[in-house]
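J.: Structure in structure tokens, see below.
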Amino acid sequence: MHCDFVVFDLETTGLSSRFDEIIQIAATRLGQGGVVTAEVFATFVRPEASIPSFITGVTGISNRDVADAPPVAAALAAFSDFVGDAVLIAHNGQRFDAKFLTAACEQQQLNSRPVALIDSIHFSKRLFGTTRGTDHRKRRVSRKKNIFFEVLRRSIPTDTTLFKPLIFGGFRPATVNLSSARSREANGPGP
């Protein structure tokens with residue numbers, strides 16, 4: 001049996017999953033040879049509040065970019081459809097991305113389902129150490145000649161029978177609640 005993985009990242013209007021909103025969801029599927037370039041998911045998300053100029057400076061995403069984007073409920077449903085039964089991978093995913101996904105599902109009163117989540121920050125800490133001052137931010141880690149991402153890619157099992165807690169360096173996958181709504185339901189009743 002084949003085990004699917006989806007690497008994803010969120011952009012948000014701030015750091016608080018309680019008060020800030022998702023403004024972009026981007027993801028790609030990983031296969032046996034690495035990234036499956038034909039299977040990419042990317043959408044802006046229209047927040048209820050304006051995007052602060054500081055966030056536009058950090059993310060490059062402006063209010064103009066999200067003006068015609070789907071609302072969060074529709075974006076989450078589409079992302080859930082893309083993910084399917086895959087295991088999610090996100091850098092700092094347990095402390096950031098998972099909290100935003102869960103909060104958005106709760107705030108929108110969406111039915112949700114548990115999805116396995118692997119936080120790649122654990123790989124970074126294992127590879128580069130945890131000494132005070134070690135920087136594990138995505139941009140810093142990705143500059144380290146893609147060594148980290150090559151190790152991550154090679155660590156991914158191609159068979160679910162290999163998917164045991166120790167396969168990922170002793171880190172047990174967590175779970176995140178992701179919308180279980182179908183895309184059509186999030187967009188309202190059909191014609």
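J.: Given H placed on each backbone N at 1.01 Å, which residues far from residue 21 in sequence or on other chains put an amide H within less than 5 Å of it?
T.: 13, 14
J.: DSSP loop chymotrypsin sites (Phe, Trp or Tyr not before Pro) in the stretch 1-68 with at most 15 other Cβ atoms within 10 Å of their Cβ, which ones?
T.: Qualifying residues, ordered by number: 19.
J.: Kirkwood Rh, Cα Rg: Rg to Rh for the stretch 3-125?
T.: With Rh from the inverse mean 1/r over Cα pairs, Rg/Rh is 0.95.
J.: Sort 18, 46 so that the residue with the fewest other Cβ atoms within 10 Å of its own Cβ comes first and the one with the most comes last.
T.: 18, 46
J.: Can you sort 59, 12 from fewest to most other Cβ atoms within 10 Å of each residue's own Cβ?
T.: Going from least to most buried by this count: 59, 12.
J.: Show the residues, 5+ positions off or on another chain, whose built amide H is closer than 5 Å to the amide H of residue 180.
T.: Here 111, 112, 113 satisfy the definition.
J.: Pop a pseudo-label 7 angstrom from the Cα along the beta-carbon direction at both residue 32 and residue 48 and give the gap in nm to one decimal.
T.: Using points 7 Å along Cα→Cβ, the separation is 4.7 nm.
Any read-out appearing in this document is the output of simple, stated calculations on the displayed coordinates, not a laboratory observation. This is a predicted model, so every value here is computed, not measured. Ideal geometry is used to build each Cβ from the backbone, glycine not excepted, and the neighbour counts take in all protein chains shown.
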